[in-house]
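To keep things clear, I will list the structure first and then write my remarks on it.
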Amino acid sequence: MIGTTPFHPRTEAANRTGLWGHWAGYLAAEKYQLSEKAEYFLIRNSAGLFDTSPLYKYRVTGAEAERFLAGVLTRDIRHCHPGHAQYTVWCDDDGHVIEDGIVMRLADDEFFLTSARPNLAYFRGLVGRLEVEVTDVTADQAALAVQGPRSRRLLTKLGDGTAELDYFGVAKSEAAGISVTESRTGFTGDLGYEIWAPADEALALWDAVTEAAEGEGAGPVGQQALLMARIEAGLVLIDVDYRSARFAWTHNERSTPSELGLDWMLRDLGDDRPFVGRRALQLEADRNTTRRRLAGLIVDWEDWDARHVEAGLIPAKDHRPVHQEMMVYSGGDPVGWASSFMYSPILQRHIALARVRPDLAVPGNRVGLEVTIDHAYHTVGAVVTRLPFYAPAHRTGRGDVP
């Protein structure tokens, strides 16, 4: 049976389209307005409110909680002090990514971990004799993301703690009299926050945030707008840009952190910390066996337009994300594939997240992207670029945004 989130009475009332998708067993609004592009511009110009409650949420506590997570997560949690969060991944023994998520350190012996897919059995299966407890608090916690350049100003109306949070900072605070945990995190690549509150306080929190949003040009946004923003931010999405190693059928469906552009998480391989997949990742680094690397592609707009005009068509500028494999070529040979593709409203270019051969994943290299035009395959020119495509200074800064 499909469930509803603690915010559903409010999101249902706000959803003018009646379009719903399924996310981790919950109803999730696809879009609230007739145009998902209008909601996208809420994120980029003011603030968008997104119900992230379907995320799986785990509380990891105990005297050996840090030791446990240091032995499971690829990124070293020992460098994450209380009041901070990390973006991280966890791998199997062969160094292939199982999933990515955010881990927040609330105290020396208390952590809060989120993921898009269920991982409770996986984590509990690794506890062994360590003094640590992993608890699923998904149903107990509502989560509301407030994302966009005016999100700080909006949330400051509810409490004083928001303005003090650094990028990836975490704090327990009060918002409109409700005890919450607030993190400066998100999935949009913009200035943004996520508020974690008891499920029975969700409606009061939504009402307080929407009241604070009045006059700020802010409002609720659905999954379509969020997926547009995350491509511009260069953020990978499970089951789209990579497949969990637990459910992959073939070696080609598995990915190492380096292949997902996350090799920066492996900078401490030289120390003595044992963690799941470490040996395999060390061998990959030593033998340089990375098969492909994540890169951004920006399509040559003149080539794109010319191919459409030749076919007697108006050049398409569709902002809706395309989540399917599109082959990438160099010199006529296949060298990888794109997994997420869209026309970026803010960049005014077609962009893609692609996995290409490591020697070609260098900014400035030119490749060909296979697209379908008028029921026929065409290869249009594209240039490799660094990710993210869009990274405004206010995303990580402390200054006020008008």
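If I model segment 153-287 as equal point scatterers sitting on the Cα atoms and use the Debye formula, what is log10 I(q)/I(0) at q = 0.16, 0.18, 0.20 Å⁻¹? Relative scattering, expressed as log10 I(q)/I(0), comes to -0.98, -1.08, -1.18.
In the chain, Cα pairs under 8 Å separated by at least six residues give a relative contact order of 17 percent.
What a 1.4 Å probe finds exposed on the chain is 50% carbon and sulfur by accessible area, rounded to a whole percent.
Given a 1.4 Å probe, how much area per residue of the chain is accessible, in Å²?
44
For segment 165-172, backbone phi angles converted through the Karplus equation (6.51, -1.76, 1.60; θ = phi - 60°) give residue-by-residue couplings of 6, 7, 4, 6, x, 9, 8, 8 Hz, Gly and Pro being listed as x. Of the three principal axes defined by the Cα atoms of the chain, the extents in descending order read 61, 53, 45 Å. Centre-to-centre separation between the Cα atoms of segment 102-148 and those of segment 252-272: 22 Å.
Test of understanding: extend the Cα→C-beta vector of residue 110 to 7 Å, then name every residue of segment 194-212 with backbone N under 16 Å from that spot. Only 196-199 fall inside the zone, counting backbone N under 16 Å. Got the relative contact order for segment 29-151 handy, in percent, Cα pairs under 8 Å and 6 or more residues apart? Result for segment 29-151 is 40 percent.
Residues in segment 189-200 carry Karplus couplings, in order, of x, 10, 4, x, 9, 10, 10, 10, 9, x, 4, 6 Hz; the curve used is 6.51 cos²θ - 1.76 cosθ + 1.60 with θ = phi - 60°, and Gly or Pro positions show x. On full extension, the segment bounded by residue 94 and residue 37 gains 16.4 nm, given 0.36 nm per residue less the C-alpha separation. Rounded to a whole number, what is D in µm²/s for segment 10-88 from Stokes-Einstein with the Kirkwood radius over alpha-carbon pairs (37 °C, 0.692 mPa s)? This corresponds to a translational diffusion coefficient of 206 µm²/s. Okay, helix-only estimate at 222 nm for the chain: each DSSP H run of n ≥ 4 adds -39500 (n - 2.57), divide by all residues, round to 500 deg cm²/dmol; what do you get? Mean residue ellipticity, 222 nm, calculated: -5000 deg cm²/dmol.
Restricting segment 88-146 to chymotrypsin sites (Phe, Trp or Tyr not before Pro) that sit in a DSSP loop and have at most 16 other Cβ atoms within 10 Å of their own Cβ leaves nothing.
Lysine pairs in the chain with alpha-carbon atoms under 28 Å apart, 8 or more places apart or on different chains: how many are there? Can you show the working numbers first?
Details: 31/57; 31/157; 31/317; 37/157; 37/317; 57/157; 57/172; 157/172.
Lysine pairs meeting the criterion: 8.
Could you tell me whether segment 213-258 comes out rounded, prolate or oblate from its Cα gyration tensor? Rule is a ≥ b ≥ c as square roots of the eigenvalues, rounded for a/c under 1.5, then prolate if a/b exceeds b/c, otherwise oblate. Prolate, since a/c reaches 1.5 and a/b exceeds b/c. In this structure the amide hydrogen of residue 91, modeled in the peptide plane, comes within under 5 Å of the amide hydrogens of 74, 98, none closer than 5 places in sequence on its chain.
Between residue 287 and residue 1, the C-beta separation translates, for a Förster distance of 60 Å, into a calculated FRET efficiency of about 0.80.
GNM on the chain, alpha-carbon springs under 10 angstrom: the most fluctuating residue among 286, 300, 263 is 286.
Qualifying trypsin sites (Lys or Arg not before Pro) in segment 284-324, where qualification requires a DSSP coil assignment and no more than 16 other C-beta atoms within 10 Å, comprise 291, 317.
The values are calculated or read from the model by the stated rules, or taken from the named source; none is laboratory data. All of these numbers come straight from a predicted model, not from anything done at the bench. Methodologically, a virtual Cβ is constructed for each residue, glycine included, from the backbone with ideal geometry; neighbour enumeration extends over all protein chains shown. Side chains are part of the model used for accessible areas, which takes the heavy atoms of the whole protein and leaves out ligands, DNA and RNA. Shrake-Rupley method; radii C 1.70, N 1.55, O 1.52, S 1.80 Å.
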